[in-house]
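Heads up, the thing below is written out as structure tokens.
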Amino acid sequence: MLSLANSYLMASGKLAASLYKEEIERALKTPGMSGFQLLDLHDFPGQSTALVGLLDAFWDSKGAISAQEFSRFCGPVVALARFDKATYVSTENFTASIEIANFTNASLKNATVVWTVADASGKTLGEGEWRVGEIAIGNNNKIGDIEYALKDIVTAQKLTIKVGIRNTTYNNEWPVWVYPSIAENNAAAVHFTTSPDEAMALLKQGKNVLLNPDTSAIKGVAGRYTSVFWSPVHFPNQPGSMGLLIDSASKAFTHFPTETHSNWQWWDLVMRSKSMIIDSLPVQIKPTVRVIDNFFKNRNMASLFEVKAGTGKLIICSMDIHTDLDKRPAAAQLRYSLMEYVASDAFNPLVKLTKQDIFSLFNMQ
């Protein structure tokens, strides 16, 4: 898997950066919090190896995040937003409560705090501002509330919420994902099942199949969104993954916008998943969603890949996309996107697996 080294570095690094952002912002939003300490900003070579840094052991950037980006959420003045979740359906409103943490040596006078909601192209969809006479030293400086109706969103997309202080360098941003009402899939062109046995029977008939087994039936590693704690050499009994590497250009994601790395729309999907260990399968398989293992284990893992089997075509998803979909918009949207993909001419796996290969991934009776 040496060819994946740079991709794994960037994908795991961008996840680590987003987790730092979440952690630091939660500290800054805590009443009475006067500071925080980061365990380390660079890789620590003193206990075997702890590759925990956003910088390498020589204090050089790994390229996952710039100093300017980091200062948005870790600086003397930080714009903060409290909102409930990262995934929405278009019948909802996005709401957020905006605060400013000010740890300069003086209050900020006559500030204008501005906010925007922008789409993936950068087009402004909504905006507003507050004129604030004084922002005191400290945190929990409540500025105001945002409410933006999502009813005009007709395609699945990522939006960016931006908040800043006009005529300063102080600004911050957060992604959210909005999914429209889901139409019915072409059920005649693709078969959805949670049973490996049923999947094989359908594949023998030359059908296109989306297999989504219960996680209890999968041999593998429990899904975990966050990366390993410190060094897996010293803390070996943890799921131990380092995020996802996603083929974002795949047409499987036509209706599920994603970057190449883990972001918050994947939280629920990863937490309700089990990573498949595919070391025993042909190396020609190129998973659509890879799960990055830690360096100590270094297994080849995946949660979504496609193959030929029997006289049919198969895509296997080890993230739960069949339960409680009315409460899980990201899972419902991913299922819709995968079903549309499997029913399309673009679905054309190249590698063929045997029944034994496929069943080796599951706890079969």
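Read-outs: derived from the displayed coordinates by stated rules, not from any lab. As the structure is a prediction and not an experimental result, all values here were calculated from the model. For neighbour counting, all protein chains shown are included, and Cβ atoms are generated from backbone atoms with ideal geometry for every residue, glycine included.
Counted by Cβ distance under 15 Å from A309, the other residues give a net charge of +2, where Lys and Arg count +1 and Asp and Glu count -1.
If you take the square roots of the eigenvalues of the alpha-carbon gyration tensor of segment 288-333 and sort them as a ≥ b ≥ c, do you get rounded (a/c under 1.5), prolate (a/b over b/c) or oblate? Oblate is the answer for segment 288-333, as a/c is 1.5 or above yet b/c matches or exceeds a/b. Size descriptors for the chain, from the alpha-carbon set: Rg then Dmax equal 22.5, 73 Å. Note: relative contact order over segment 75-181, using C-alpha pairs below 8 Å and six or more positions apart, is 35 percent. Simple rule: put +1 on each Lys or Arg Cβ and -1 on each Asp or Glu Cβ in the chain, find the dipole, and look at N167, I146, F256; the Cα lying farthest toward the positive end is F256. Note on the chain: helix-only mean residue ellipticity at 222 nm, from DSSP H runs of 4+ residues weighted -39500 (n - 2.57) and normalised by residue number, equals -5500 deg cm²/dmol. Give the percent of DSSP beta bridges with both residues in the chain that are antiparallel, rounded to the nearest 5. DSSP beta bridges in the chain are roughly 85 percent antiparallel. Please build a GNM for the chain, connecting alpha carbons under 10 Å apart, and tell me which residue among Q333, Q205, Q265 fluctuates the most. Sorting by GNM fluctuation, first place goes to Q205. Local charge for K274 was computed over the other residues whose Cβ lies under 11 Å away, with Lys and Arg +1 and Asp and Glu -1, and equals +1. Within segment 310-328, whose backbone N sits under 17 Å from a point 7 Å along Cα→Cβ of S344? Inside the label zone: 314-316. Seen through its C-alpha gyration tensor, with square-root eigenvalues sorted a ≥ b ≥ c, segment 228-313 comes out oblate because a/c lies at 1.5 or above while a/b is not bigger than b/c.
Charge tally for L350 (other residues, Cβ to Cβ under 11 Å; Lys, Arg +1; Asp, Glu -1): +3.
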